[in-house]
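Asker: One structure, pasted below without further comment.
The values are calculated or read from the model by the stated rules, or taken from the named source; none is laboratory data. What you see is a predicted model; the values in this text were computed from it and never measured. No Cβ is skipped: glycine too gets one built from the backbone with ideal geometry, and neighbour counts run over all protein chains shown. When the accessible area is computed, the model is the full protein with side chains, heavy atoms only, and any ligands, DNA or RNA have been set aside. Shrake-Rupley method; radii C 1.70, N 1.55, O 1.52, S 1.80 Å.
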Amino acid sequence: MDPWFYKYFARPIIKAYVHIVYNPTIIGKDNIPKNGRCILAGNHTNNFDCILLISCTKRCIHFLAKDELYKGFKKILFKNMGIIPVNRRIKDKSVIRKADAILEKEGLIGVFPEGTINRTEDVIMPFKMGTVKMASDTDSYIVPFCITGEYKPFKKNNLQIVFDKPYKLKDKNLEFENQKLMNIVSKNITRYKEK
């Protein structure tokens with residue numbers, strides 16, 4: 001990944017685009033640590049969620065994303081954006097190893113633990129275990145986030161992203177910790193949808 005490409009080319013363009021076109025409300029941005037190993041984890045509402053997150057921090061976010069995006073010209077772009085391709089058709093354990101390596105170098109990972117866009121009527125879909133597994137493996141902070149509202153170009157809209165306080169796992173029971181993360185995100189979605 002070329003940090004120059006991300007820092008001086010991709011991110012400024014993405015940030016300008018998001019703020020001009022969608023004008024989101026960003027709450028709790030200061031909860032994203034300015035350095036050190038950290039995982040941003042939250043709900044998945046739209047294909048634009050990645051660029052919304054990118055617009056919220058100057059740090060390079062390495063996203064776990066479906067490998068279908070990692071083809072043709074897009075492969076060059078996403079490689080330079082630090083994307084880690086995920087083959088959702090198999091249990092690809094190499095993905096966690098690659099993400100762990102980035103965290104061990106004090107990097108920032110972005111994850112949508114639902115695994116896909118939530119098109120159900122449920123507030124949130126069950127989280128996959130990868131986020132808490134990475135946090136446990138690397139002693140990383142988790143910053144839960146929630147996205148509410150819609151992406152409506154050039155319209156007054158209710159799109160917002162809320163970052164909760166960073167925390168580290170306290171329990172060796174990853175099922176418990178996964179449920180805890182789900183509960184934080186779910187409660188925030190409900191809370192901020194009502195506002």
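Asker: Quick check on the stretch 91-110: of everything there that is among the charged types (D, E, K, R) and closer than 21 Å to residue 53 by Cα, which residue is most open to solvent (accessible area, probe 1.4 Å)?
Answerer: 105
Asker: Considering only the stretch 21-33, how many residues are open to solvent by 60 Å² or more (accessible area, probe 1.4 Å) and over 16 Å from the mean Cα position of the chain (by Cα)?
Answerer: 2
Asker: Need a quick list: strands (runs of 3 or more DSSP E) entirely within the stretch 73-185 having at least 1 residues that are modelled with pLDDT of 95 or more.
Answerer: Where strands (runs of 3 or more DSSP E) fall fully within the stretch 73-185 and carry at least 1 residues being modelled with pLDDT of 95 or more, they are 108-111, 141-148, 160-163.
Asker: Also: Collect the residues in the stretch 156-185 that are open to solvent by 30 Å² or more (accessible area, probe 1.4 Å) and among the polar types (S, T, N, Q), keeping them in residue-number order.
Answerer: Those that are open to solvent by 30 Å² or more (accessible area, probe 1.4 Å) and among the polar types (S, T, N, Q): 157, 158, 173, 179, 183.
Asker: Output the residues belonging to the stretch 131-155 that are buried (at least 21 other Cβ atoms within 10 Å of the Cβ) and of a type in the set (Gly, Ala, Ser).
Answerer: If the condition is that a residue be buried (at least 21 other Cβ atoms within 10 Å of the Cβ) and of a type in the set (Gly, Ala, Ser), then 135, 140 are the ones that fit.
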